[in-house]
1. Working carefully through the options Leu167, Leu174, find the one that is in contact (Cβ under 8 Å) with a residue 12 or more places away in the chain, farther than 20 Å from Gly55 by Cα and within 23 Å of the chain's Cα centre (by Cα).
2. Name, by its number, the condition in (1) open to solvent by less than 50 Å² (accessible area, probe 1.4 Å); (2) part of a loop (DSSP other than H, G, I, E, B) that does not hold for Val269.
3. Just checking, how many residues over the range 190-205 are part of a loop (DSSP other than H, G, I, E, B) and open to solvent by less than 40 Å² (accessible area, probe 1.4 Å)?
4. Which residue pairs have Cβ atoms closer than 8 Å, lie 6 or more positions apart in sequence or on different chains, and pair a first residue in the range 278-299 that is open to solvent by less than 80 Å² (accessible area, probe 1.4 Å) with a second residue that is of a type in the set (Lys, Arg)?
5. Checking the structure you have, find out if any residue of the range 231-249 is open to solvent by less than 20 Å² (accessible area, probe 1.4 Å), closer than 30 Å to Gln175 by Cβ, at pLDDT 95 or above and touching an Asp or Glu at 6+ places or on another chain (Cβ under 8 Å).
6. Residues in the range 46-60: is at least one under 20 Å from the mean Cα position of the chain (by Cα), part of a helix (DSSP H, G or I) and closer than 22 Å to Ser191 by Cβ?
7. Looking only at residues that are in a helix (DSSP H, G or I) and of a type outside the set (A, V, I, L, M, F, W, C) in the range 79-98, which one is surrounded by the most Cβ atoms within 10 Å (Cβ to Cβ)?
8. Of the residues in the range 53-67, how many are open to solvent by less than 40 Å² (accessible area, probe 1.4 Å) and touching a residue at least 60 places away in the same chain (Cβ under 8 Å)?
Amino acid sequence: MKRSACATIDTAALRHNLARCRAVAPNSLAMAVIKADAYGHNMLKTAETLSHANGFAVSCLQEAIELRQARFIHPILVLQGFNTLQGMKAAAEHRLRVVLHDLSQLELLDSAPASIKLDVALKLDTGMHRLGFPVEQAHHLFERLGKHPNIKPTPWLMTHMACADELDNPQTPLQLERFTKYTDGLRAPRSVGNSASILGWPQTHVNWVRPGIMLYGSSPFANGDAKRDGLRPVMTLTAPLVAVHTIAKGESIGYGSSWTCPEDTRTGVVAIGYADGYPRHAPTGTPVWVNGKQTRLLGRVSMDMIVIDLTAIEARVGDQVELWGKHLSVDRIAQAAGTISYEILCNAGNLCKHEYT
């Protein structure tokens, strides 16, 4: 059973953010990244809303198969690829494009029945050092795949940027230089750009771009501003006030008594906590929005509740409190809590009930 907190999903904002991606990278095809239940926004609902995307990217085979079972016919890129013969067969059966990133996958391919035919994307490590073959092996691997009986023509080439969210970081130009150098002469579709790359690095706008966090209305940049980036918030998280109190001067609030009232203080208790995905480490002062005004969190976040400052705010039990969304950027909340919007959206989106507008 879902609890009181509610994540309202603005489908028009989702479509706007995809349009923003296409406006910035007009000569690239857009593969919407909807892994992790679309960053907490519901994968199938998001895929339906973004059905005009050129394709979808997911993390694992299970996500991709769920899309196919829901009758989505788009190209689907499986970012973690496969690691068993059974997974390889499933990818072929469901017409998925799987990422090849590890020698163990090539060994599985070499032992596979000739009846299995796969679309693949060859992932090259240009400096992220997470998944991918050394970029220096690009020509050798591409030629090997071109002759492989289990591989359909033509493999894609792809890489991933480690520091694209920092516009003055020299790592991105270095990665792009490596990718260009070692794939020169290979005739294949390419995919490089994630959200930060799409908005900040036009050099990454190759055949396919992979918008992720930008689709959900959060800035991909360190200390970014989604509105400045032309993005609209998609998730608005709200929860009701369940109590209103006046706490006397000198009294403390919440576990650990970490915040003490400097004067008699009118407070409200909101039915949301870390069990609903609200960040536990959000400190006193984290902004919230009540009845047209910004106020702040007081004391520690509990499992089911937070306390907020209602000084000079007209509010009563039953009023809805916005934790982030239309009036408060999720990026501001993430910065206050010492985390990133990706984590906050995934946690709250996967724990709270959803409504769609």
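1. Working: Leu174 fails: within 23 Å of the chain's Cα centre (by Cα).
Going through Leu167, Leu174 in turn, just one is in contact (Cβ under 8 Å) with a residue 12 or more places away in the chain, farther than 20 Å from Gly55 by Cα and within 23 Å of the chain's Cα centre (by Cα): Leu167.
2. Val269 satisfies all of (1) open to solvent by less than 50 Å² (accessible area, probe 1.4 Å); (2) part of a loop (DSSP other than H, G, I, E, B) except (2).
3. 4
4. Note: pairs meeting the criteria are Thr284/Arg296; Gly285/Arg296; Thr286/Arg296; Pro287/Arg296; Pro287/Arg332; Val288/Arg296.
5. The answer is yes, given that some residue of the range 231-249 is open to solvent by less than 20 Å² (accessible area, probe 1.4 Å), closer than 30 Å to Gln175 by Cβ, at pLDDT 95 or above and touching an Asp or Glu at 6+ places or on another chain (Cβ under 8 Å).
6. Going through the range 46-60, the residues under 20 Å from the mean Cα position of the chain (by Cα) turn out to be 46-60.
This time we only want the ones that are part of a helix (DSSP H, G or I), so: 46-49.
With the extra rule that they be closer than 22 Å to Ser191 by Cβ, the set shrinks to 46-47.
Yes, that holds for at least one residue.
7. The initial filter retains those residues of the range 79-98 that are in a helix (DSSP H, G or I), namely 85-93.
From what is left, the residues that are of a type outside the set (A, V, I, L, M, F, W, C) are 86-87, 89, 93.
Working: Gln86: 10, Gly87: 20, Lys89: 16, Glu93: 11.
Within the range 79-98, the match that is surrounded by the most Cβ atoms within 10 Å (Cβ to Cβ) is Gly87.
8. Within the range 53-67, the first condition is being open to solvent by less than 40 Å² (accessible area, probe 1.4 Å), and the residues that meet it are 53, 55-61, 63-65, 67.
Right, trim to touching a residue at least 60 places away in the same chain (Cβ under 8 Å) and you get 55, 57.
Total meeting the criteria: 2.
The values are calculated or read from the model by the stated rules, or taken from the named source; none is laboratory data. Predicted model only: the values in this text are computed from it and were never measured. Positions of Cβ are backbone-derived with ideal geometry, glycine not excepted, and every protein chain shown enters the neighbour counts. What goes into the accessible areas is simple: the full protein's heavy atoms, side chains included, and nothing from ligands, DNA or RNA. Shrake-Rupley method; radii C 1.70, N 1.55, O 1.52, S 1.80 Å.
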